[in-house]
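Remarks on the structure that follows.
Values in this text are rule-based calculations from the coordinates and carry no lab data. Keep in mind it's a predicted model, so treat the numbers as computed, not measured. Note that we place each Cβ from the backbone using ideal geometry, even for glycine, and neighbour counts take in every protein chain shown.
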């Protein structure tokens, strides 16, 4: 959301983010999401998500796969779709990078023990 709205709740100034805002507004108004191209990376991510959640459960904590969630706790409705919930207050979002980036991260950061946040 920080890419779409400024801290003063104004539409972002750049065209890419403004275009995305208009797309979200149109979806909200029409209640219709236009079909989009799904590339190989997205398909691979969908396929690998099940294995990623299985590994997370094995090494950290049990997960519960969920769909779309709304939260009205702070006076307005927040909507999101995590890949899974963890306990009563955690969630998991799986992001699977291409192999070459994983190797690059390992060689540049893990060996030197300077792992980036992403």
The chain: most fluctuating residue of 78, 91, 21 per GNM, C-alpha cutoff 10 Å: 21
Dimensionless Rg over Rh [the chain; C-alpha; Kirkwood]: 1.01
222 nm mean residue ellipticity, helices alone, for the chain (DSSP H n ≥ 4; -39,500 (n - 2.57); rounded to 500): -12000 deg cm²/dmol
Most fluctuating residue given options 47, 83, 72, as computed from a GNM of the chain linking Cα atoms under 10 Å: 72
Footprinting exposure proxy for 69, 29 (fewest neighbouring C-beta atoms within 10 Å first): 29, 69
Most mobile listed residue (58, 97, 36) in the chain, GNM with C-alpha springs under 10 Å: 36
Zero-based 5 Å bins, Cα pair distances in segment 24-87, whole percents: 4, 13, 14, 19, 19, 15, 12, 4, 0
